[in-house]
């Protein structure tokens with residue numbers, strides 16, 4: 001996962017446009033944190049491509065990192081669903097339902 005932080009929201013949006021055009025993956029943005037992230041299936045091979053694209057487009061970056069995705073991010077990528085408990089019915093079945 002490539003993750004970057006920018007000074008302001010317009011710069012973050014510009015970074016998302018530039019990197020979205022790379023066709024690696026659809027970027028995810030968090031305007032409140034001025035954070036942008038991109039799945040990096042190529043791992044460390046994707047980082048120089050990202051840095052070069054941002055530099056070529058003159059997009060200033062406050063911080064950029066390469067990190068492993070969380071289990072939640074992997075689950076979401078594989079299933080398209082969140083791990084939020086409110087979306088899961090974990091209630092026990094009644095004895096009548098079990099007998100049916």
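Ranked by the mean number of other Cβ atoms within 10 Å of their residues, highest first, the peptides 57-67, 1-11 fall in the order 1-11, 57-67. Considering all different alpha carbon pairs of the range 2-69, the Kirkwood hydrodynamic radius works out to 11.6 Å. Annotation: extensible slack from residue 13 through residue 76 equals 20.4 nm (criterion: 0.36 nm per residue apart, minus Cα-Cα distance).
Computed from the coordinates by the stated procedures, all read-outs in this text should not be read as laboratory data. The model shown is predicted, which means the values in this text are computed figures rather than measured ones. Ideal geometry is used to build each Cβ from the backbone, glycine not excepted, and the neighbour counts take in all protein chains shown.
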